[in-house]
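Let me begin by presenting the structure, written as structure tokens, before commenting on it.
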Amino acid sequence: MASLSFSSSVSSSTPFLRPSAFFLKPRSISRLPLVRAKIREIFMPALSSTMTEGKIVSWVKSEGDVLSKGEAVVVVESDKADMDVETFYDGILAAIVVNDGETAPVGAPIGLLAETEDEIAEAKAKAAAQSSSAPSATAPKVEESAPVATKVEAPAPAVAAAPATQGKVVATPYAKKLAKQHKVDINKLVGTGPFGRITPEDVEKAAGIAPAPKANVVAPAAPAASAATSAASPAKAATSFPEIPGSNVVPFTTMQAAVSKNMVESLSVPTFRVGYPISTDALDALYEKVKPKGVTMTALLAKAAAMALVQHPVVNATCKDGKSFTYNSSINIAVAVAINGGLITPVLQDADKLDLYLLSQKWKELVEKARAKQLQPQEYSSGTFTLSNLGMFGVDRFDAILPPGQGAIMAVGASKPTVVADKDGFFSVKNKMLVNVTADHRVIYGADLAAFLQTFSKIIENPESLTM
């Protein structure tokens, strides 16, 4: 299982001194007696760039266990994998704040680490206070948003009424970025998130950036009839999808939520698609020869794609800001794999530099780790080109959705017998597969993709180079 070390903060009986304070101020002898307790908050780590919250799969250690630096403490489920989280410090696991099966946003405290047994009682009290503060922070918001006639400005008092987190400012990384961008003093905000955590919405409110609420605030200023109309409009939206009797609503898993987010994000990219039929008789013959040696068809296709990308680097390029694009120095082929409860794309890094047999071995290892949810972040988030193969299911053609941060994705259908005519008018039957490529039109143009597919086709139809 993959592992990651968490960072933590230090709390004490003094007004929340930073960890460095214990080392940088040894001269303050008169203050030393005040540092009686060292209680560190174990935060929910960010295990990937797309992770906003994590789920506690299981605590490896129990309350009261003595921990050593580098020791696994808890297993966290991210949007892609399960990871062992290790501790940076020696100490005692004094209290568990987020239990097995529960979720917490990135950066929220999930447990407390005490330095000695003397601080365990204080840590438990702090954990109890944090747990009790979470529902109280959200309760006023629910009560005030319930009446139909209440103005949208009503949630604002909930922000002010939310209890503070005992002197320490806890905010999401994006909230801190927004605060810096809009010059908002984050120390003066009171968060509405779990345990008083400051969210991006809190910063936007303080900065006066609230486009959605402003649109709704206009309605209460209108006559009562208008207010009634605006109140009825959400009901219409809710009934636009009638419920089917006996149906069951199933919430997204962490992985499914991440896939959903990425798919919606991909809609903002202008894409186009090009299909190309390729004869596979020679590839099929080669596959029969190398299959006993552990080579898979996926490895053959990934190797062929990597070799073609070497000759057409623009298809391996990436546009992330809409103003420029990057020629990636490595050719990392991500391959879509269906696993229980979701979809993941393990990455064959430097696929053009690995021989076919090593590539096949690497691919088998990645698939095993993916299905066990043990992939490291760099093993699923470093792809520069994606391959999706549904040929093994008999699918002859399909279109793939472009993953965010990549320039192109190839969809490979099944190889099927097809009647073809040669230049002399004679008919024959050959195995052909249809390849469809979806590409980012900001970077890749039709001629670029057509040239790439021609090269890919030549490699597939003359596959001897794949084994060199």
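The values are calculated or read from the model by the stated rules, or taken from the named source; none is laboratory data. Please read all numbers here as calculations on a predicted model, not as lab measurements. Using ideal geometry, Cβ is built from the backbone for each residue, glycine included, and neighbour counts are taken over all protein chains shown. Ligands, DNA and RNA are stripped out before the accessible areas are found, and what is left, the full protein with its side chains, is counted by its heavy atoms. Shrake-Rupley method; radii C 1.70, N 1.55, O 1.52, S 1.80 Å.
Among the aspartates and glutamates, which have Cα under 16 Å from the Cα of K373 when same-chain residues fewer than 8 positions away are ignored? Hits, sequence-local ones excluded: E77, D79, D82, D84, E365.
For the residue pairs K69/K126; K176/K369; K55/K176, the alpha carbons lie more than 29 Å apart in K176/K369.
Could you order peptides 104-111, 346-353 by the average number of other Cβ atoms within 10 Å of their residues, highest first? Intermediate results must be reported in sequence, preceding the final value.
Working: 104-111: 22.9, 346-353: 20.9.
Listed from highest to lowest mean packing, they are 104-111, 346-353.
Highest mean first, how do 178-190, 91-103 rank when packing is the count of other Cβ atoms within 10 Å averaged over residues? Provide the component values of the computation, followed by the final result.
Numbers: 178-190: 14.6, 91-103: 19.2.
Ranking, from highest mean packing down: 91-103, 178-190.
If F325, F385 are ordered by their accessible area, calculated over protein heavy atoms with a 1.4 Å probe, which sequence runs from highest to lowest?
On the way: F325 90, F385 0 Å².
Descending accessible area places them as F325, F385.
When nucleic acids and ligands are ignored and a 1.4 Å probe is applied, T326 ends up with an accessible area of around 80 Å².
Take every pair of alpha-carbon atoms less than 8 Å apart whose residues are at least six positions apart; their mean separation over the length of segment 351-466 yields a relative contact order of 19 percent.
For M44, M392, the ranking by accessible surface with the largest value first comes to M392, M44, using a 1.4 Å probe.
How many percent of the accessible area of segment 239-377 is carbon or sulfur, using a 1.4 Å probe? Display every interim value, and only then the final one.
Numbers: 4330 of 7700 Å².
It is 56 percent, rounded to a whole number.
Each peptide in 310-319, 363-372 was scored by the mean count of other Cβ atoms within 10 Å over its residues; highest first, the order is 310-319, 363-372.
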